[in-house]
Amino acid sequence: MALTVVYAIGTGHVVGALDLTGAGGTPPGPETLVGRELPLRVSLGGGRTATLPLNARELAVASVDDEPGVLADPLAFGVELSPEGKPKPTLLRLPAWTGDGGIALAADGVTLTVKVPVPRAAKAVVLVSDDQETHVLAGEIPAQHTEVTLPLTLTSGSTHGVLALVAGWAGRLEKEAVT
């Protein structure tokens, strides 16, 4: 058995993990494992589900050391790259930033707030469901700051599925209401 992870190239977040059987070697490409996109789903309540698709072009695959926790909670882990740009075999356990105020949807944007200032600029990618469409937003939290607001027009009172990836912090996949 070999642990293989699919991760977001821009932030390093593990978005899927699986144990593969057979000979080791080079892992298959992301398209082989997930197709054109990897759909992440979150319940919106009332029998509704939001699907947030990650494009396979934005994903990569790595063979890593055994880490059983990644199978249950992949967004809590990250892939670190070597100076040569190759994935290191040991996954990083990312700190959580859950709680009130971490993700705030407003009629004019999405604000992400982490617990402590980031030592260097941290890339942020957010996917927001909106009926038949998914909005993909990108930005960064500036060095020595704790938040970023990304512009997006939403309807007050509406509910959306949100995938928030901030480099260095555990990913979050959840339901959020616009305030």
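At-a-glance table
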| read-out | value |
| --- | --- |
| Criterion (closer than 19 Å to HIS160 by Cα, of a type outside the set (Asp, Glu) and out of contact with any helix residue (DSSP H, G or I) (no Cβ under 9 Å at 6 or more places or on another chain)) met by exactly one of LEU112, LEU92, LEU38 | LEU112 |
| Filter pass, GLY10 being closer than 18 Å to LEU127 by Cα, open to solvent by 30 Å² or more (accessible area, probe 1.4 Å) and of a type outside the set (A, V, I, L, M, F, W, C) | yes |
| Residue pairs meeting the criteria (Cβ under 7 Å; at least 6 apart or on separate chains; first without any contact (Cβ under 8 Å) to a residue 40 or more places away in the chain, in segment 113-124; second open to solvent by 80 Å² or more (accessible area, probe 1.4 Å)) | THR113/GLU147; PRO117/GLN144; PRO117/HIS145; ALA121/GLU140 |
| Any hit, segment 93-111, residues being more than 13 Å from HIS13 (Cα to Cα) and touching a Pro at 6+ places or on another chain (Cβ under 8 Å) | yes |
| So ALA56, is it open to solvent by less than 60 Å² (accessible area, probe 1.4 Å), touching a helix residue (DSSP H, G or I) at 6+ places or on another chain (Cβ under 9 Å) and either closer than 16 Å to LYS175 by Cα or in contact (Cβ under 8 Å) with a residue 12 or more places away in the chain (or both) | yes |
| Qualifying position, being surrounded by 19 or more Cβ atoms within 10 Å (Cβ to Cβ), at pLDDT below 95 and on the phi < 0 side of the Ramachandran plot, among TRP97, TRP169 | TRP97 |
| Residues of segment 86-105 that turn out to be outside any strand (DSSP E or B), charged (D, E, K, R) and within 30 Å of THR26 (Cβ to Cβ), as a count | 2 |
| Counted residues, segment 106-125 - those being surrounded by 17 or more Cβ atoms within 10 Å (Cβ to Cβ) and part of a loop (DSSP other than H, G, I, E, B) | 2 |
| Strands (runs of 3 or more DSSP E) completely within segment 1-66 that count 1 or more residues being of a type in the set (Asp, Glu) and over 17 Å from the mean Cα position of the chain (by Cα) | 14-20 |
| Selection within segment 129-158 - in contact (Cβ under 8 Å) with a residue 60 or more places away in the chain and crowded, with 17+ Cβ neighbours inside 10 Å | SER129, THR134 |
| Selection from segment 60-108 of residues that are hydroxyl-bearing (Ser, Thr, Tyr) and within 27 Å of GLU174 (Cβ to Cβ) | THR98 |
| From LEU91, LEU71, residue being hydrophobic (A, V, I, L, M, F, W, C) and open to solvent by less than 70 Å² (accessible area, probe 1.4 Å) | LEU91 |
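The values are calculated or read from the model by the stated rules, or taken from the named source; none is laboratory data. Just so you know, these numbers come straight off a predicted model, no measurement behind them. Cβ coordinates were reconstructed from backbone atoms using ideal geometry, including for glycine residues, and neighbour counts include every protein chain displayed. Side chains are part of the model used for accessible areas, which takes the heavy atoms of the whole protein and leaves out ligands, DNA and RNA. Shrake-Rupley method; radii C 1.70, N 1.55, O 1.52, S 1.80 Å.
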